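Presented below is the structure to which this report refers.
The values are calculated or read from the model by the stated rules, or taken from the named source; none is laboratory data. Values in this document were obtained by computation on a predicted structure and should not be read as measured data. Glycine gets a Cβ as well: all are built from the backbone with ideal geometry, and neighbour counts include every protein chain shown.
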Amino acid sequence: MRVHMTDPKIEGGELPPSLPDAAREHAALAEEIRAHDRRYYQDDAPTVSDAEYDDLRKRLNALEAAFPDLVTADSPSQNVGAAPSEAFAKVRHAVPMLSLGNAFAEEDVAEFVARVRRFLQMKPEDELRITAEPKIDGLSASLLYENGVFVRGATRGDGAVGEDVTQNLRTIADIPERLKGADAPERIEVRGEVYMAHADFKAMNERQVEAGKPVFANPRNAAAGSLRQLDPKVTAERPIRFFAYAWGDASTVPADTQSGMVANLKRWGLPTNPLMKVFTSAEELIAHYRAIEAERAKLGYDIDGVVYKVDRLDLQKRLGFVSRSPRWAIAHKFPAEQATTVLENIDIQVGRTGALTPVAKLKPVTVGGVVVSNATLHNEDEIARKDVRIGDTVIVQRAGDVIPQVVAVVDADRKGRGDAFVFPTKCPVCGSHAVREEGEAVRRCTGGLICRAQAVERLRHFASRGAMDIEGLGDKQIEAFYEWGEIREPADIFTLQTRESREGALTSLRNREGWGETSVRNLYAAIEVARSQSVDRLLFGLGIRHVGEVNAKRLMRHFPTVAALRETARAATPPDPEVRGDKGNEAWREIVDIEGIGAIVAKAVVEFFREPKNDPPLDALLAEVTPAEMETRASSSPVSGKTVVFTGSLERMTRDEAKAMAERLGAKTAGSVSKKTDIVVAGPGAGSKLDKAKELGIETLTEDEWLSRVGEA
Ligand code: IVH
């Protein structure tokens, strides 16, 4: 194992004369610190003493104090002591912590209100009350109160599982240890945002500079870094605050409306935002949005938009969720923050599907508190449309968490401007032709299996968090294994250990740079766990076009295994566009009948499984894994796993609403009745589908019977 020798220059030492020199040293230091963090936290195998490690950090801090431009959101200074999540106990949220859909334009707000009204089949004269409140730019947290006493607090994490930060949350003065009032529910999980006020942020950064410690890039990072401290004493010294705006699991919800419940939270002693108001039209919501925007700079804390929520809780329930966001709420974001800088170069990156993406290499610039040096240029046409050329001064914008983008050139009329950018027609990685299909904006490398970039990206995707989630097999490791020729396709991951032990000690992984006994053992253990990763993640990991996490779930809710999906996909024939009324064969219809799966997705799935080149790697992979069944959110519901068909007119809810409810409860919905149907819910006017159900002896229910079956009558 490589042992790090401390460079004597690092302790104290002179500061570099210029920003580029400092930036170079800073980048090298940051990488070194990250590597030590990994060895310490993940491998339990540090290679330097604590004192040596501290010196590296001190030098990094000194550089950042002298050159504040170096403070980027991902600098190690921004997560001092914030060990990877393993350092905290995990908390599974009884009710997932979801995110919000976004609206950017005023039309999006009108569309949101119209969509809600449509979904609920409201008449024009029916009143729809909607709350509007600031969207706080912090990090969300959940506070569990039992019998009025704060017992556990957690971060959002990935929405399903967060980190237990109870002790840290206890140090926040805004968070009451006990709820006031006798009517607080026996158990309630209060949700809200942890944030840092501007004045506190400024004062804290001044103290940090004085003490020679790192400064934070923005209040959000400062709040996050402070909450995720391993030592609650450090959190206690940080001026963080809390706004309550929602709730999760609760023994009772003593209110009929969002605003009523938030008023309760306030009565129980929790801080709530004073700018929340209730309105009845999109125009009023927008007017409030503008009023809040005008006040934005004076609020004293960062907000990044306004959140609208349907006020009545019974309507919220009917509206339910679409994938990971509620249908009853939306975030209306403020316009993105912008800055100008020089475009130094244009890099072409090659993605998993062979797409060539132009990336702007920028002179580092601070945009909305974060230093940006890369931005997307989207594609060839966008570069041409904006006529972006190397050496131009450009406007860069950041909006929320999205990748920064180049918006426009500001000095196109200057003298001596360079030539227009010529987009490559060959893959910069493998040299194969890169072509554009008709109607596509993207140019793709045709190298397929021979293109290293595509292969590596596919493997990265396969092992990534959202897919097989193999810890210890991150981007860098995948790349190294690929280079060594050890992992070329997904199945190789699972045969790695056997091959390694067979090949003898000399080539064995533990002798490779960056690997030691512990990390190898951990990697093998993580790979073993991944063998039984859930089947929807396996499908998602295959990287089929248009099959993201949501569609993978939709497909695997219907098909028991990837092999079963493959069999149907291979048998499927899409409709012939030349033949009027052709709906494709039965296998095709089985796929497109799955709720949420349309012809585009179905076509991509069929093409993938019909491609003979995909067979050997897929067969090899399927032989190595034993996927677990997909986790359904409602595995305990009486209709979980059942296939339901709604037919005829429904009276108490719309068809969309009915389908959404069924899926929320873990059922699959289909458009036509077949042997695989379990329940047909028939309203008045049901015709051939009801007949077919009777013929096949399938259970039929009225709308009321359905509602009482699922406990929503
Ligand atoms: S409501 C079901 N209200 O925004 C969603 N969220 O983009 C419940 N946020 O994760 C969230 N201010 O961290 C809600 N007034 C507010 C908010 C707010 C900030 C954050 C929250 C959430 C994210 C969603």
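Side notes on the structure shown:
- Where Y524 falls short, out of the listed (1) surrounded by fewer than 19 Cβ atoms within 10 Å (Cβ to Cβ); (2) within 26 Å of E611 (Cα to Cα): (2)
- Look at (1) outside any strand (DSSP E or B); (2) more than 30 Å from I450 (Cα to Cα); (3) not hydroxyl-bearing (S, T, Y) and you find that R352 fails only one, number (2).
- Only residues that are modelled with pLDDT of 90 or more and either part of a strand (DSSP E or B) or in contact with a Gly (Cβ under 7 Å, 6 or more places away or on another chain) (or both) were counted in the range 510-553, giving 5.
- Among the residues of the range 81-123, those identified as assigned to a helix (DSSP H, G or I), more than 16 Å from the ligand (Cβ to nearest atom) and modelled with pLDDT of 90 or more are E106, E107, A110, E111, V113, A114, R115, R117, R118, F119.
- Of the strands (runs of 3 or more DSSP E) lying entirely inside the range 124-182, those containing at least 2 residues that are β-branched (V, I, T) span 130-136, 149-155.
- Residue within the range 274-297 that is of a type in the set (F, W, Y), crowded, with 20+ Cβ neighbours inside 10 Å and in contact with a helix residue (DSSP H, G or I) (Cβ under 7 Å, 6 or more places away or on another chain) present: no
- Taking the range 373-452 and the strands (runs of 3 or more DSSP E) fully enclosed by it, the elements with 3 or more residues that are at pLDDT 90 or above are at 393-398, 405-409, 443-445.
- Scanning the range 213-264 for residues that are of a type in the set (S, T, Y) and crowded, with 23+ Cβ neighbours inside 10 Å yields S226, Y245.
- Residue that is surrounded by the most Cβ atoms within 10 Å (Cβ to Cβ) [pool: residues in the range 175-212 that are basic (K, R) and away from the ligand (no atom under 16 Å from the Cβ)]: R187
- Residue count, the range 603-650 (criterion: among the basic types (K, R), modelled with pLDDT of 90 or more and under 28 Å from the mean Cα position of the chain (by Cα)): 1
- Among the residues of the range 16-51, just one is at pLDDT below 75, surrounded by 17 or more Cβ atoms within 10 Å (Cβ to Cβ) and over 24 Å from A526 (Cα atoms), namely V48.
Conditions tested, residue by residue: (1) of a type outside the set (S, T, Y); (2) within 16 Å of the ligand (Cβ to nearest atom); (3) closer than 28 Å to E471 by Cβ; (4) at pLDDT 95 or above.
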{"site": "L143", "(1), (2), (3), (4)": "yes, yes, no, yes"}
{"site": "G153", "(1), (2), (3), (4)": "yes, yes, yes, yes"}
{"site": "D158", "(1), (2), (3), (4)": "yes, yes, yes, no"}
{"site": "T166", "(1), (2), (3), (4)": "no, no, yes, no"}
{"site": "A173", "(1), (2), (3), (4)": "yes, no, no, no"}
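- The range 143-153, subset buried (at least 22 other Cβ atoms within 10 Å of the Cβ) and touching a Phe, Trp or Tyr at 6+ places or on another chain (Cβ under 9 Å), residue nearest to P326 (Cα to Cα): L143
- Filtered by the rule that a residue be at pLDDT 95 or above and in contact with a strand residue (DSSP E or B) (Cβ under 9 Å, 6 or more places away or on another chain), the range 124-139 gives L128, R129, I130, T131, A132, E133, P134, K135, I136.
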